[in-house]
1. Wholly within region 87-150, which strands (runs of 3 or more DSSP E) include no fewer than the required count, namely at least 3 residues that are hydrophobic (A, V, I, L, M, F, W, C)?
2. Would you confirm whether any residue within region 111-125 is touching a Phe, Trp or Tyr at 6+ places or on another chain (Cβ under 8 Å), free of Cβ contacts under 8 Å to residues at least 12 places away in the same chain and not acidic (Asp, Glu)?
3. If you go through region 92-101 one residue at a time, do you hit one that is under 19 Å from the mean Cα position of the chain (by Cα) and basic (Lys, Arg)?
4. Would you please name the residue that is farthest from Ser58 (Cα to Cα), looking only at residues in region 131-151 that are in contact with a helix residue (DSSP H, G or I) (Cβ under 9 Å, 6 or more places away or on another chain) and aliphatic (A, V, I, L, M)?
5. Kindly establish whether Thr101 is among the hydroxyl-bearing types (Ser, Thr, Tyr), at pLDDT below 90 and surrounded by fewer than 16 Cβ atoms within 10 Å (Cβ to Cβ).
6. Kindly evaluate Ser109 against the criterion of being out of contact with any strand residue (DSSP E or B) (no Cβ under 7 Å at 6 or more places or on another chain), more than 22 Å from Gln45 (Cβ to Cβ) and modelled with pLDDT of 90 or more.
7. Inspect all residues belonging to region 46-68 and state whether any of them is part of a loop (DSSP other than H, G, I, E, B) and either in contact with an Asp or Glu (Cβ under 7 Å, 6 or more places away or on another chain) or surrounded by fewer than 16 Cβ atoms within 10 Å (Cβ to Cβ) (or both).
8. Considering only region 148-161, I want to know if a residue exists there that is surrounded by fewer than 14 Cβ atoms within 10 Å (Cβ to Cβ) and closer than 19 Å to Ala68 by Cα.
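The values are calculated or read from the model by the stated rules, or taken from the named source; none is laboratory data. The model shown is predicted, which means the values in this text are computed figures rather than measured ones. Glycine also receives a Cβ, built like all others from the backbone with ideal geometry; neighbour counts cover every protein chain displayed.
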Amino acid sequence: MNMFYSIHVRQRGFTMTEVMVALAIFALIIIGSVNVFIMGLRLWQTSSMDIDTMREASMGLEQLLYGANTNSPGLRQAIASDTNTVVTNTAAGWSIRFCGTKSFSYARSSRVITNQSGLVLCTNVNQSSVTRVSTNQVNVYVQVTQTQGSMIRSNDLTTSVFFRN
């Protein structure tokens, strides 16, 4: 009788096929989650670099226009009738001198824009130019580039500055 009872009792548990299907589904979920995490991390890094380059270019251009502090006025303080406003462009960069002793310069080798006292206004400057359009106007262009691993991000800003009368 004991033998008859053991034949009709079903054993509990999972078959090998069920375990393999469950592992395959679990592996697909894990792989998908890791891919979404990596994509989100790259998007965050790209966005962060975009924000950093835009902030650096914007702050540098703002300090060029309005000055770094009260002792260092910006290009908006230049007077149109000042005949001493000089823009110099060379292969090494550019410089602009105004209001007597006030100046800004860009050096391609160091990739920075500085004022007359050597204060760094903008870093990571890949390209920049100052072009005299007329006696009372200059155009300023700044491109800030940042490299992090294989990612390269850059932002360009351009403005026209009209000297005061």
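1. Passing ranges, in order: 93-98, 120-122, 125-134, 137-148.
2. Yes, region 111-125 has at least one match.
3. No, region 92-101 has no match at all.
4. Met151
5. yes
6. yes
7. Checking region 46-68: not a single residue is part of a loop (DSSP other than H, G, I, E, B) and either in contact with an Asp or Glu (Cβ under 7 Å, 6 or more places away or on another chain) or surrounded by fewer than 16 Cβ atoms within 10 Å (Cβ to Cβ) (or both).
8. Scanning region 148-161 turns up at least one residue that is surrounded by fewer than 14 Cβ atoms within 10 Å (Cβ to Cβ) and closer than 19 Å to Ala68 by Cα.
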